[in-house]
Structure formats: structure tokens, C-alpha cells
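Asks: Dumping the structure here so I can ask a few things about it.
Rule-based calculations on the coordinates, nothing more; no lab input. Everything numeric here is computed off the predicted structure, so don't read it as measured data. Cβ coordinates were reconstructed from backbone atoms using ideal geometry, including for glycine residues, and neighbour counts include every protein chain displayed.
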Amino acid sequence: MIGLSLAWELVRRGAKVTVMDSGAIGRGASWAGAGILPPAAKSVTNDAYEQLRSLGHQLHPNWSKRLLADTGIDNGFRRCGGIYLARTAAEFATLKGNEYWWQEHSIDFEALSTNGLVRREPELAPIAETLKGSWFLPDECQVRNPRHLQALAKACLQSGVKLIENQRVERLLVEHTVVTGLESAGQIMEASQVCICSGAWARESFQQLGLQTGIMPVRGQMVLYQGSQPPLSSVVNEGHRYLVPREDGYVLAGSVEEEVGYNCETTDAAITQISNWAENTLPLLSKFQIVRTWAGLRPGSFDALPYLGQMPGYENLFVAAGHFRSGLHLACATAVVMADAMLGKLPPIDLSPFRPGRG
Ligand SMILES: Cc1cc2nc3c(=O)[nH]c(=O)nc-3n(C[C@H](O)[C@H](O)[C@H](O)COP(=O)(O)OP(=O)(O)OC[C@H]3O[C@@H](n4cnc5c(N)ncnc54)[C@H](O)[C@@H]3O)c2cc1C
């Protein structure tokens with residue numbers, strides 16, 4: 001996602017770009033994600049991460065329109081709203097506290113009564129009375145990430161980006177402080193600039209260069225239900241778990257956070273845990289069919305911030321990785337700030353909190 005987004009941004013600014021992926025283009029964590037785009041600050045904020053989220057949130061609708069116009073692919077971007085449920089006192093306290101944060105950042109929200117929740121989402125009626133509280137955030141959006149990736153890849157190809165699949169970058173070729181190219185499948189490819197966008201695997205490139213990094217894989221697992229029509233109109237969130245209704249009757253249920261290295265297999269235990277929670281929250285789901293399960297490796301970082309910018313000690317080497325649970329949301333904004341950094345323009349956001357040398 002990050003590599004394709006950056007490539008599309010760079011090619012539209014006149015650069016000549018090649019994207020090389022060790023697997024199929026547009027798979028990785030980006031394919032596995034849920035595509036939730038939670039609301040972001042509408043008012044001015046000094047927090048660089050919040051500025052990045054805010055820029056990303058603003059760019060998604062326009063990128064989606066442009067991708068549709070250029071490729072004919074509807075990426076499923078919808079402003080569907082998000083419901084936040086509190087079943088326990090701790091969840092209630094967190095969400096009640098969030099009200100101050102939402103207010104401060106001009107994020108619209110509505111605290112729902114039991115009736116208000118059921119009016120909005122009638123299929124949540126069986127649990128409505130058991131909740132300690134619930135909130136509606138109208139500005140939560142969703143995108144169908146596999147379709148978004150397909151659209152981005154097509155738009156890149158149409159604009160002249162070279163996409164090379166199933167070819168791993170084995171080594172960066174370095175002369176003093178300059179990267180001259182890379183080695184892959186026994187071949188040398190020259191490059192005037194390189195940006196590492198390999199998600200959870202970016203760790204390997206840092207290590208090869210002898211640089212420290214806090215990037216690590218954090219596995220998430222997902223359950224896909226299929227019914228004849230959507231049982232919800234909004235995304236439903238409870239803590240780190242969520243239900244994402246798609247317009248054609250599919251519902252995604254996720255997820256978990258597991259530190260198990262580069263193991264991308266699903267486990268019975270996690271799938272059972274997710275489906276139990278999903279069917280308990282939305283009992284109608286027990287009448288739906290589970291049609292697929294999968295896992296993906298989020299690129300986590302030690303301080304939950306991505307690494308964005310120039311690699312310390314290198315004139316023409318950049319990195320954009322470590323977006324953890326928000327890489328889909330942050331992709332457009334990352335593309336803009338990284339294209340600025342690579343083309344020598346001052347990015348609209350101070351990138352120093354994201355500097356690659358930290359940690
Ligand atoms: C279950 C789950 C749910 C999620 N839900 C959301 C969500 O709702 N909203 C959101 O914003 N984010 C979500 N995320 C997080 C989001 O998916 C990631 O932050 C994002 O996909 C990271 O994008 P990326 O391009 O950096 O990494 P990836 O998509 O993993 O891409 C990295 C690519 O690098 C390639 N690669 C690796 N090593 C090499 C090499 N040596 N040479 C060449 N290529 C290489 C890989 O093949 C891969 O294709 C979710 C993630 C998971 C797993």
C-alpha cells in the first residue's frame with residue numbers, strides 16, 4: 001500500500017518510478033487489513049501523528065474519486081460512520097475520556113441512548129441493554145483495501161510506473177553515503193533514489209545497513225462472513241475488535257495482536273475468539289456463513305509511530321514503513337510527505353518525530 005501510494009504520487013509529479021515486491025503486488029498486510037478509516041482531527045493540532053492522520057483523512061475521498069475516474073475501479077470508500085461500544089466499566093471510562101479528546105480535535109460524536117443505538121443499528125438490539133454506553137462518530141469511513149490496491153496498481157501502470165512482482169530486493173548497493181542501486185535475483189538495478197516501503201520486513205533493510213529499528217511484525221487475524229444483505233450500516237468497534245459491514249452482505253470481523261515473528265498463519269484459537277466475540281455482539285452473524293479467514297503482519301514500531309524520511313548517513317535513501325494498525329489510513333498522507341522529502345520540497349508536516357534513526 002505504502003509503496004504503491006508513493007509511486008503514484010511520485011509519477012504524477014513527473015518522476016520515473018519502479019516498484020519491486022518480493023510477492024504479488026498489493027498483498028502483504030495491506031491486503032489483509034480491514035480498511036477502517038477512523039475520524040481524525042478537524043482543528044489545528046501540534047501533534048505530528050495527528051496531523052498525518054488528519055491529512056490522510058482529507059485525502060482519501062479525493063484519491064478514491066481520482067482512482068475511480070482513472071481506472072474505473074470503485075475502491076469502496078464510504079463515509080459509513082462508526083459505533084463505539086462500551087461493555088465494561090473500563091471501556092466506558094476510556095470512551096468517556098475520549099469525548100474530551102474528540103471535542104478538542106473538533107471530531108463530531110454523539111453519545112447514544114439504548115434506544116438511539118437500536119434506532120441506528122436495529123440488529124444490535126439483543127445486546128443494547130447490556131451495554132454501559134455507546135457512541136456514534138459520523139466521520140468514520142471505510143475502504144475495501146483489496147479493491148483500493150487493485151485501483152492503485154492499475155493507476156500506477158497507466159501512468160508509467162514499472163511494477164516488478166515476485167522479486168525480492170536482496171541487497172542495497174552502497175558507495176560511502178550514496179545508494180547506487182540494488183541487487184535482486186542476481187541482477188543489479190541502478191537507482192538515483194531508493195525508498196524502503198517493505199512494511200514489517202523493513203527491519204531486514206535497517207539491519208543490513210547496520211541501523212537500529214523498532215519495527216516488528218504484529219500478527220492480526222480476520223474472519224469474513226457472508227450474508228444476503230448488510231446487517232449493519234456503520235463499522236462497530238469495541239476496544240481493538242470490530243465489525244466492518246460491506247455493501248454486498250460481507251462482514252469482516254477482527255482482530256487480535258500477536259507477536260509471533262514472521263508467522264502469517266491463522267490459528268483456531270484466535271479465529272474462535274474473534275468469531276465468538278462477533279456473534280455475541282451481532283447475533284444475526286451466526287446465521288451468516290464464514291467464507292474465509294486470514295492473517296496479516298502489521299508493521300509495528302516500538303513507539304507506535306511510523307518511520308518516515310531520509311535514512312541517517314545516506315544522501316538518497318529513504319524509508320516509509322512501520323504504520324502498524326493505520327497504514328491504510330495513513331497511506332495517502334505518507335505518499336505526499338515522502339514525495340516532498342524525496343523531491344527536495346519541505347513537507348507540510350514536521351517529520352522529525354518519525355525520523356528513521358530513532359530507537
Ligand atoms: C488484520 C489487519 C487489519 C488491519 N486493519 C487496518 C485498518 O482497518 N485500517 C488501517 O489503516 N490499517 C489497518 N491495518 C494495518 C495496515 O494493513 C498496515 O499498516 C499497512 O498495510 C502497511 O502497509 P505497507 O505497505 O507498509 O506494508 P505491506 O502491505 O505489508 O507491504 C510490504 C510489501 O513489501 C514486500 N517486501 C518485503 N520484503 C521485501 C523485499 N526484501 N524486497 C521486495 N519486497 C519486499 C512484501 O511482499 C509486501 O508486499 C491492518 C492490518 C492487519 C494485519
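Asks: How about Lys132: which aspartates and glutamates have a C-alpha closer than 17 Å to its C-alpha, ignoring those fewer than 8 places off in the same chain?
Replies: Excluding near neighbours in sequence, the set is Glu91, Glu99, Glu110, Glu121, Glu238.
Asks: Taking 7 Å along the Cα-to-C-beta vector as the label spot, tell me the Gln226-Gln158 distance in nanometres, rounded to one decimal.
Replies: 2.9
Asks: Which translational diffusion coefficient, to the nearest whole µm²/s, is obtained for the range 217-297 from the Stokes-Einstein equation, given a Kirkwood hydrodynamic radius over C-alpha pairs, 20 °C and 1.002 mPa s? Display every interim value, and only then the final one.
Replies: Values: Rh = 12.7 Å.
This corresponds to a translational diffusion coefficient of 168 µm²/s.
Asks: Compute the distance in nm between two label points, each set 7 Å from the Cα along the Cα-to-Cβ direction, one at Asn276 and one at Ser352.
Replies: For the pair Asn276/Ser352, the computed spacing is 4.9 nm.
Asks: Using a Förster radius of 51 Å, what is the FRET efficiency between Gln167 and Thr114 based on their Cβ-Cβ separation? Nearest 0.05, please.
Replies: Numbers: r = 55 Å, r/R0 = 1.08.
So, using R0 = 51 Å, E works out to roughly 0.40.
Asks: So how much slack lies between Gln207 and Gln58, counting 0.36 nm per residue of separation and subtracting their Cα-Cα distance, in nm?
Replies: Values: separation 149, 0.36 × 149 = 53.64 nm, distance 3.48 nm.
Result for the pair: 50.2 nm of gain on full extension.
Asks: Same structure, new question: Considering only Asn166, Pro356, Gln273, whose Cα is most displaced toward the positive end of the charge dipole of the chain, charges sitting on Cβ of Lys, Arg (+1) and Asp, Glu (-1)?
Replies: The listed residue farthest towards the positive side: Asn166.
Asks: OK, next. FRET efficiency for Ala125 and Ala89, Cβ-Cβ distance as r, R0 = 22 Å, nearest 0.05? Intermediate results must be reported in sequence, preceding the final value.
Replies: On the way: r = 23 Å, r/R0 = 1.03.
Computed FRET efficiency for Ala125 and Ala89 comes out at 0.45.
Asks: Using a 10 Å cut-off on Cβ atoms, rank the peptides 75-82, 178-185, 321-328 from the highest mean neighbour count down. Don't skip to the answer; put the middle values down first.
Replies: Numbers: 75-82: 20.2, 178-185: 15.9, 321-328: 24.8.
The peptides rank, most packed first, as 321-328, 75-82, 178-185.
Asks: To continue, here is another question. Take the alpha-carbon centre of the range 320-359, take the same for the range 88-115, and report the distance between them in whole Å.
Replies: The range 320-359 and the range 88-115 have Cα centres spaced 29 Å from each other.
Asks: What is the range 221-353 by shape, rounded, prolate or oblate, if you read a ≥ b ≥ c off the alpha carbon gyration tensor as root eigenvalues and call it rounded for a/c under 1.5, prolate for a/b larger than b/c, and oblate otherwise?
Replies: On the way: a/c = 3.23, a/b = 2.13, b/c = 1.51.
Judged from the Cα gyration tensor, the range 221-353 comes out prolate (a/c at least 1.5, a/b above b/c).
Asks: Calculate, in whole percent, how much of the Cα-Cα pair population of the range 82-138 lies beyond 16 Å. Don't skip to the answer; put the middle values down first.
Replies: Numbers: 621 of 1596 pairs.
Tail fraction, whole percent: 39.
Asks: Work from the charge dipole of the range 57-169 (Cβ charges, +1 for Lys and Arg, -1 for Asp and Glu, about the Cα centre) and give the residue of Thr71, Gly97, Ile127 farthest towards its positive end.
Replies: Positive-end residue among those listed: Thr71.
Asks: Related question: By average Cβ neighbour count within 10 Å, what is the ranking of 143-149, 309-315 from highest down? Write down the numbers at each step before the final one.
Replies: Values: 143-149: 22.6, 309-315: 17.4.
Ranking, from highest mean packing down: 143-149, 309-315.
Asks: Also, quick follow-up: Taking a ≥ b ≥ c as the square roots of the eigenvalues of the Cα gyration tensor of the range 307-359, is the shape rounded (a/c under 1.5), prolate (a/b larger than b/c) or oblate? Intermediate results must be reported in sequence, preceding the final value.
Replies: Values: a/c = 1.85, a/b = 1.21, b/c = 1.53.
Oblate, since a/c reaches 1.5 and b/c is not below a/b.
Asks: Under 29 Å Cα-Cα from Lys345, which lysines qualify once same-chain neighbours fewer than 8 residues away are excluded?
Replies: Lys16, Lys42, Lys65, Lys154, Lys162
Asks: Largest first and in whole Å, give the semi-axes of the chain's equivalent ellipsoid, each being the square root of 5 times a Cα gyration tensor eigenvalue.
Replies: For the chain, the semi-axes come out at 36, 21, 19 Å.
Asks: To the nearest 20 debye, what charge dipole does the chain have about its Cα centre, counting +1 at the Cβ of each Lys and Arg and -1 at the Cβ of each Asp and Glu? Kindly include the intermediate steps, with their values, before the conclusion.
Replies: Values: 32 positive and 35 negative charges, 128 e Å.
The calculation lands at about 620 debye.
Asks: On to the next question. Would you mind putting 331-343, 84-96 in packing order, based on average other-beta-carbon counts within 10 Å, highest first? Intermediate values should be presented prior to the final figure.
Replies: Numbers: 331-343: 23.0, 84-96: 16.4.
Listed from highest to lowest mean packing, they are 331-343, 84-96.
Asks: I would also like to ask the following. Report the extension gain between Ser233 and Ser184 in nm, rounded to one decimal, defined as 0.36 nm multiplied by the number of residues separating them, less their alpha carbon distance.
Replies: Taking Ser233 through Ser184 to full extension adds about 13.0 nm, to one decimal.
Asks: Let me ask something else. With a ≥ b ≥ c the root eigenvalues of the C-alpha gyration tensor of the range 30-82, is it rounded (a/c under 1.5), prolate (a/b larger than b/c) or oblate? Don't jump to the answer; show the numbers that get you there.
Replies: Details: a/c = 2.21, a/b = 1.73, b/c = 1.27.
It comes out prolate by the Cα gyration axes.
Asks: I need the calculated FRET efficiency for the pair Lys132 and Glu104, taking r as the beta carbon distance and R₀ as 30 Å, to the nearest 0.05.
Replies: Working: r = 23 Å, r/R0 = 0.77.
Working from the Cβ atoms, E equals 0.80.
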